[in-house]
């Protein structure tokens, strides 16, 4: 079947068969977001699309996209449904682990998936101006930045970056083993706590994003990626 370029085409094909599926349902063909399809999505729809994409990634059943077609389809504008604030770790590229194409997500990345004023500004643009419906703070297991924070590493500009994780380090007790990066279970618990703290900080430090959440136009959620399995676990 020829690759579908837009969600509109996909819906038209489904309608011709007499059964229009809900927008959040993962279609059996790659699509490119348009202004119309983005506007029709709810924040919950956007999160559902990411969850479905990760399931495809884990199952090895990723959508076959014509990236050249998507370059052409997105040349005049972009309408991403979500923002994924992730770590710079090379094992966790958001577009791949969520099986998304060109124009589907904004993907700001920084060591330790922390938030800074500059990143807040970028996400305010993505949500308030470009119309994205969800922010996912994506942490991961075996995070090098979290390990560095756990060990009190100081090195150049990395020092101020890791300082954003210190609150999570202090908040998580150790039930067994040492309080350093050799304790992988504790490191992963700190990584998850850091995600939760980052979600809270986004809402605390950005009246723009908090306002969109209060209006039901945006959701901000946390998630953890397992580097051993490829699975993303969305946090409550």
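Read the figures in this text as sums done on the coordinates, not as results from a lab. Computed from a prediction, not measured in an experiment: that's the story for all the values here. Cβ sites come from the backbone with ideal geometry, for glycine too, and all protein chains shown count toward neighbours.
Data overview
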read-out	value
Pairwise label distance in nanometres, residue 155 with residue 56, each label 7 Å out on the Cα-Cβ vector	3.7
The chain: angle of helix 7-16 to the longest principal axis, Cα-based, in degrees nearest 10	50
Inter-probe distance in nm under a simple model that places probes 7 Å from Cα toward Cβ, at residue 167 and residue 29	4.7
Among 157, 194, 54: highest mean-square fluctuation, GNM of the chain, C-alpha pairs under 10 Å	157
Stretchable slack from residue 44 to residue 142, in nm (0.36 nm times residue separation minus alpha-carbon distance)	32.4 nm
Computed FRET value (nearest 0.05) for residue 95 with residue 196, which takes r as the C-beta separation and R₀ as 22 Å	0.35
Top of 208, 220, 114 by mean-square fluctuation, Gaussian network on the chain, Cα under 10 Å	208
Highest-MSF residue in the chain out of 74, 32, 159 [GNM, Cα springs under 10 Å]	159
The chain: calculated mean residue ellipticity at 222 nm from DSSP helix runs of at least 4, using -39500 (n - 2.57)	-12500 deg cm²/dmol
Anisotropy class of region 147-217 from Cα gyration tensor, a/c 1.5 cut	oblate
For peptides 115-127, 165-177, 95-107, sequence by mean Cβ density within 10 Å, most packed first	95-107, 115-127, 165-177
Distribution of pairwise C-alpha distances over region 45-168, 10 Å bins, in %	12, 37, 33, 15, 2
Taking the chain and dividing mean pair separation by its residue count, relative contact order in percent (alpha carbons under 8 Å, at least six apart)	20
Label point 7 Å beyond Cα of residue 184 along Cβ direction - residues of region 208-236 with amide nitrogen under 19 Å	224-233
Distance from region 92-148 to region 43-83 (C-alpha centre basis), Å	15
Percent antiparallel among DSSP beta bridges (both partners in the chain, rounded to 5)	15
Rounded FRET efficiency, nearest 0.05, which uses the C-beta distance separating residue 229 from residue 75 and R0 of 30 Å	0.25
